[in-house]
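Participant: This is the structure I want to talk about, given as structure tokens.
The values are calculated or read from the model by the stated rules, or taken from the named source; none is laboratory data. Being a predicted model, the structure only gives us computed values, none of them experimental. Cβ atoms come from the backbone with ideal geometry, glycine included; neighbour counts cover every protein chain shown.
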Amino acid sequence: MPLALIVHGGAWDIPDNEVAEHQEGCRQALAAGWRVLEQGGRALDAVEAAVRVLEDAPIFDAGVGSVLNRDGDVELDAAVMDGETLRSGAVAVVRRVRNPITLARRVLESQVILLVGQGAERFAESAGIPFCDPTELIVERERARWQELHQQSNYRAQDAFGAARAKQSAPQPTSLSHPGDTVGCVALDRTGQLAAGTSTGGTANKLPGRVGDSPLIGAGLYADTSTGGCSTTGWGESIMKVLLAKTATDLIGAGHTPMEAARAAIDVLARRVGGLGGCILLDAQGRPGLAFNTPRMAYAYRTEGGDEIVGV
Ligand code: ASP
């Protein structure tokens, strides 16, 4: 089976001066995941390796560099799914783990699917995953953004996307100017197994305890070796309503190419719930697909024998 790997670094109005760093982050993540696949590694391992690189890059809203919640804290969500067994592992509202994708992977190997907050951190401790100081996840850029948001009264009551929704049915352009650098990856390994993973700090100025689509199976990610794998990004409250990742992979199952499926799924998101976001896909043959209805989405992909494609 030919190898394939696709990553994203979030869908929003990525400013011109941050484009190069987004592309470089995606390129490095692609390289890390590809190395695993080339060495005969499993799709799950490639997804974990690629997402860890994205979590470690401060430009993205995942791991270090995540957006801050209303209290000024980072709360992380992540999930991973194995397309062969349909097993998955997810964590949410985690504050002391630098690489929540690795914690999600450990959850996948356990008897449960989703762990949150203190319970997730206790599980991390028992799994030997080291804790970090929560302040290590905060970068100056996000501290400054948080302070700026808190000087704007219209952002006090809601997160960035929610504030726009409360005012009118279609989100205002200002909602797109807030970071949506959630990260994700889908991989196809030599044995034909697909896996998907997604990791995020959520939406800027979110309510403490708010969990978006990213760690939810069917919304933030899905992988089924009989159809395809998907990771999504964007306004979580809309993505959850249409189960964007499951919708996209089901469209592959119905006979669409991954590119058609990605476009049709984003169309459902926009038409049905006025949502904003993007998705990346691979089908069981390793064909890539992607679509977004935000001004930009950072992505990179590679298929065996093909060129490395990096874009926004
Ligand atoms: N989907 C993420 C969330 O709502 C945010 C994003 O992708 O930018 O938590």
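Participant: Specify which of the listed residues (Gly89, Gly72, Gly63, Gly83) is surrounded by fewer than 24 Cβ atoms within 10 Å (Cβ to Cβ) and of a type in the set (Gly, Ala, Ser).
Facilitator: Of the residues listed, the single one that is surrounded by fewer than 24 Cβ atoms within 10 Å (Cβ to Cβ) and of a type in the set (Gly, Ala, Ser) is Gly72.
Participant: Next question. Need the failing condition index for Gly274 against (1) small (Gly, Ala, Ser); (2) without any contact (Cβ under 8 Å) to a residue 60 or more places away in the chain; (3) surrounded by fewer than 19 Cβ atoms within 10 Å (Cβ to Cβ), just the number.
Facilitator: (2)
Participant: For the structure I just gave you, tell me whether Trp34 is in contact with a Leu (Cβ under 6 Å, 6 or more places away or on another chain), of a type in the set (A, V, I, L, M, F, W, C) and at pLDDT below 95.
Facilitator: no
Participant: Then there's this: From the list Ala219, Ala195, which one is among the hydrophobic types (A, V, I, L, M, F, W, C) and outside any loop (DSSP other than H, G, I, E, B)?
Facilitator: Ala195
Listed here are the residues, each with its yes/no results for (1) closer than 26 Å to Pro134 by Cβ; (2) assigned to a loop (DSSP other than H, G, I, E, B).
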position	(1), (2)
Ile6	no, no
Ala20	no, no
Glu24	no, no
Gln28	yes, no
Leu44	no, no
Ile59	yes, yes
Gly63	yes, yes
Gly72	yes, yes
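Participant: Looking at the range 216-235, which of its residues are within 9 Å of the ligand (Cβ to nearest atom) and either charged (D, E, K, R) or within 14 Å of Val183 (Cβ to Cβ) (or both)?
Facilitator: Result: Gly220, Thr232, Thr233, Gly234.
Participant: In the range 194-208, what count of residues is obtained for those that are surrounded by fewer than 24 Cβ atoms within 10 Å (Cβ to Cβ) and among the β-branched types (Val, Ile, Thr)?
Facilitator: So the answer is 0.
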